[in-house]
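Since the structure comes first, as structure tokens, the remarks are kept for the end.
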Amino acid sequence: MSSFVEQLQAWQAGIDKMLAKHPERKKQFATISGLPIDRVYLPEDPGQEYADKQGLPGEYPYTRGVQPTMYRGRLWTMRQYAGFATAAESNQRYRYLLEQGTTGLSVAFDLPTQIGYDADHNLARGEVGKVGVSISSLKDMEVLFDQIPLDKVSTSMTINAPAGILLAMYIAVAEKQGVGPEKLRGTIQNDILKEYSSRGTYIFPPRPSMRVITNIFAYCAQEVPLWNTISISGYHIREAGSTAVQEVAFTLANGMAYVKAAMDAGLDVDEFGPRLSFFFNAHSEFLEEVAKYRAARRLWAKIMKERFGSTNPKSMMVRFHTQTAGCSLTAQQPKNNIVRVAFQAMSAVLGGTQSLHTNSMDEALSLPTQEAVTVALRTQQIIGYETGVTETVDPLAGAYYIEHLTDEIERQAEEYLARIDEMGGAVSAIEQGYVQREIQEAAYDYQKAVEDNQRVVVGVNKFVVKEPPPTGLLRVDPKVREEQAAALAQLRSERDQKAVDSALAELKTAAENDQNLMPHFLSCVRVYTTLGEICGTLRGVFGEYQAPTTI
Amino acid sequence: MRKIRVLAAKPGLDGHDRGVKVIAAALRDAGMEVIYTGLRQTPEQIVATAMQEDVDVIALSILSGAHDYLFPEVMKLIKQKGMDNVLVLGGGVIPEEDIPALKAAGIAEVFGPGTNTHKIVDFIKANAKPRG
């Protein structure tokens, strides 16, 4: 008996055991015409090459997915990124989304929050509440999650440089609800390296930033064990203009830098490895995208096992969130974006995503309206409940073109990884501006291809129509800043200032002395020290990042 | 006559710089000299750089929605410094209904998503007043 047959039997036995506890969504799966659908389809005679490159769903190297039954067990988490204006308004939107059937929250913070300035800071002028919700203290966070039971929802927070502080606020809100940190489920993005290369909301220089990230890994492994401590993000790398190969390569290179930093700080790879998660883009080149997710899974599994010596399968799995490509949306004929998003979302599902955000049709124009958000969510529900692509695992596997693309993306990404290794890893490659320049060049090449009509963008360079300007866009009232500033003034006059001063002094000492900062973030936020005050103290110790000019 | 000098600038806290970098490259390919400020510039910093670099054009890019506040702030300073010859353009995710107010503040033209870079090059060549 070949070893693959044995592997298959063991896999089947494992599933039978699992199904006894967690049955699949249906007893039997069939097409709309009544044809039965198997859990997984395999080559007629799977040889060693198949076993090495593809394996079985839920098994190394995870090419076919990280769970053995994938969406037959449970659909992905439908998680819509949202947040604007005040905590109260965003709370309303979250509760609306939960009523409409989203299964996880995803918090968008405004830029001052992401860069560690309070709403009343001079540099926050014009930005408060614009691209997300404004959070300056625990008070705002309490309002944001009002009447949302934190033991029942999972919450993703797109926050990077101040990720530990916002997580501390989340833990503190949960405490007030009577929910212990060991029950909290969710994700902080906490991926600073792609901020330097692609997204821009950095605060501190790379080295102290990496230290804070490892502090969070270590703290959460003990205290918040179900929390995803990082979401290593290719999304923004792609949005900045990279190719699919670069997206995989630069994301995994960043991932390797985090793993190395944590191991250098004395953590065991399998202590923090299972809580690493990823975030990819779903762009318009449909089949290439499907292959991209598969290639990323296989490559990361190999890296964790062979390079970092992981022995826990959970550390080797790429569990990932996907968002459809904001940069592919057009301001022209915005309803066409619904169709773009649907194809992109389908590629993520065929690629085995664990959670998904579908963009709204009006995002090339402004923040999405409630109507646009609802259509975006319905798109996921239609894919999940109507199309049938969820009924068998990794349905495109074995297609010659898909497997070719999967191999090719993996191979080319490995070439990039070798180059980045030669430069001393992702941190050095970013400090030298290499990653930024690679992305920029790809972005410019794409733009030229569109302008030379080598690449068609419907409604932009072909099938162009004259249309009236869109109406009914969502606006954020500029008064939000004044309201937030007034609320902050009141908070500062009411809180126990002595407690704040001493918490900040202890934080400063801890930052200077290489102690884990997470307990100090918690002591600060509990007494209503503001985000700006905490980040200001850290700016004093760590300094601020100065970006190299790359053009 | 000297080349047209352009300051490509990112006012505010917005980190989206794909567009501004693509436009900087396109303007350079069209024969202009381009200086890029990098991210997180205050209106004061942008105007100071524009004076120091003696530019003919300032191209402002914002995708965060803060254009309604930051573009007029830049224009206010430009007028205070008497830099009336400088052509100021805006770009980014900017709803059409906001454009009249920005033009009233002195922004010469606003270019939204999907704009062909040749259109921006042509606009600058037709409207910039290079000195020397």
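The values are calculated or read from the model by the stated rules, or taken from the named source; none is laboratory data. Source: prediction; values computed, not measured. Heads up, the Cβs are rebuilt from the backbone with ideal geometry, glycines too, and the neighbour counts pull from every protein chain shown.
The table below gives the values:
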| item | result |
| --- | --- |
| Candidate set: segment A:449-498, residues that are in a helix (DSSP H, G or I), at pLDDT 95 or above and facing chain B (nearest Cβ under 10 Å); chosen: the one farthest from B:THR117 (Cα to Cα) | A:VAL450 |
| Qualifying residue in segment A:329-351 (condition: closer than 23 Å to A:VAL153 by Cβ, buried (at least 19 other Cβ atoms within 10 Å of the Cβ) and β-branched (Val, Ile, Thr)) | yes |
| Matching option when the condition is touching a helix residue (DSSP H, G or I) at 6+ places or on another chain (Cβ under 8 Å) and among the aliphatic types (A, V, I, L, M), among B:ALA48, B:ALA105, B:ALA128 | B:ALA105 |
| Hey, A:PHE84 within 13 Å of chain B (Cβ to nearest Cβ) and within 19 Å of A:ASN228 (Cβ to Cβ) or not | no |
| Failed item in (1) at pLDDT below 95; (2) in a helix (DSSP H, G or I), with A:PRO368 passing the rest | (2) |
| Residues (in a helix (DSSP H, G or I) and either of a type in the set (Val, Ile, Thr) or surrounded by fewer than 19 Cβ atoms within 10 Å (Cβ to Cβ) (or both)) located in segment A:524-543 | A:VAL525, A:ARG526, A:ILE534, A:GLY536, A:THR537, A:ARG539, A:GLY540, A:VAL541 |
| Output for segment A:108-161, where each listed residue is assigned to a strand (DSSP E or B), more than 14 Å from chain B (Cβ to nearest Cβ) and under 20 Å from A:VAL212 (Cβ atoms) | A:SER156, A:MET157 |
| Wholly within segment B:44-127, helices (runs of 4 or more DSSP H) carrying at least 3 residues that are away from chain A (no Cβ under 14 Å) and surrounded by fewer than 16 Cβ atoms within 10 Å (Cβ to Cβ) | B:117-127 |
| Residue within segment A:366-389 that is touching a Lys or Arg at 6+ places or on another chain (Cβ under 7 Å), more than 28 Å from A:ASN254 (Cβ to Cβ) and not basic (Lys, Arg) present | no |
| Matching residues in segment B:77-132 - criterion: being among the aromatic types (Phe, Trp, Tyr) and farther than 21 Å from A:PRO468 by Cβ | B:PHE123 |
| Where A:VAL389 falls short, out of the listed (1) away from chain B (no Cβ under 14 Å); (2) closer than 29 Å to A:ASN336 by Cα; (3) part of a helix (DSSP H, G or I) | (3) |
| Residue check for A:LEU98: within 30 Å of A:GLU127 (Cβ to Cβ), of a type in the set (A, V, I, L, M, F, W, C) and surrounded by 14 or more Cβ atoms within 10 Å (Cβ to Cβ) | yes |
| Residue match in segment A:185-194 (condition: touching a Pro at 6+ places or on another chain (Cβ under 9 Å) and either surrounded by 23 or more Cβ atoms within 10 Å (Cβ to Cβ) or hydrophobic (A, V, I, L, M, F, W, C) (or both)) | yes |
| Residue among A:THR69, A:THR102 that is of a type in the set (Ser, Thr, Tyr), in contact (Cβ under 8 Å) with a residue 60 or more places away in the chain and in contact with a strand residue (DSSP E or B) (Cβ under 8 Å, 6 or more places away or on another chain) | A:THR102 |
| Residue selected from segment B:1-43 under the condition over 14 Å from the mean Cα position of the chain (by Cα) and acidic (Asp, Glu), by the criterion nearest to the other protein chains (Cβ to nearest Cβ) | B:ASP14 |
| Exclusive hit being surrounded by 16 or more Cβ atoms within 10 Å (Cβ to Cβ), within 11 Å of another protein chain (Cβ to nearest Cβ) and within 26 Å of A:ARG297 (Cβ to Cβ), set A:ILE402, A:ILE420, A:ILE439, A:ILE383 | A:ILE439 |
| Residue list for segment B:17-39, filter: in contact with a helix residue (DSSP H, G or I) (Cβ under 8 Å, 6 or more places away or on another chain), in a loop (DSSP other than H, G, I, E, B) and under 24 Å from A:ILE237 (Cα atoms) | B:THR37 |
| Those residues of segment A:201-228 which are surrounded by fewer than 24 Cβ atoms within 10 Å (Cβ to Cβ) and within 23 Å of A:GLU127 (Cα to Cα), in sequence order | A:ILE203, A:PHE204 |
| Residue in segment A:255-275 that is more than 17 Å from A:ALA426 (Cα to Cα), among the basic types (Lys, Arg) and in contact (Cβ under 8 Å) with a residue 40 or more places away in the chain present | yes |
| Inter-residue pairs, beta-carbon under 7 Å, first over 19 Å from A:GLY73 (Cβ atoms) and in segment A:3-23, second hydrophobic (A, V, I, L, M, F, W, C) and assigned to a helix (DSSP H, G or I), 6+ apart | A:PHE4/A:ALA51; A:GLN7/A:ALA51 |
| All positions within segment A:60-99 that are modelled with pLDDT under 95 and in a loop (DSSP other than H, G, I, E, B) | A:GLY83, A:PHE84, A:THR86 |
| Condition met for A:GLU306 (without any contact (Cβ under 8 Å) to a residue 24 or more places away in the chain, more than 30 Å from A:GLN515 (Cβ to Cβ) and not hydroxyl-bearing (Ser, Thr, Tyr)) | yes |
| Condition met for A:THR369 (polar (S, T, N, Q) and touching a helix residue (DSSP H, G or I) at 6+ places or on another chain (Cβ under 9 Å)) | no |
| Which listed residue is modelled with pLDDT under 95 and surrounded by fewer than 23 Cβ atoms within 10 Å (Cβ to Cβ), from A:VAL143, A:VAL179, A:VAL153 | A:VAL153 |
| Failed item, numbered, when A:SER428 is tested on (1) of a type in the set (Gly, Ala, Ser); (2) under 30 Å from B:TYR69 (Cα atoms); (3) free of Cβ contacts under 8 Å to residues at least 12 places away in the same chain | (2) |
| Only one of A:PRO57, A:PRO23 that is outside any helix (DSSP H, G or I), at pLDDT 95 or above and surrounded by 15 or more Cβ atoms within 10 Å (Cβ to Cβ) | A:PRO57 |
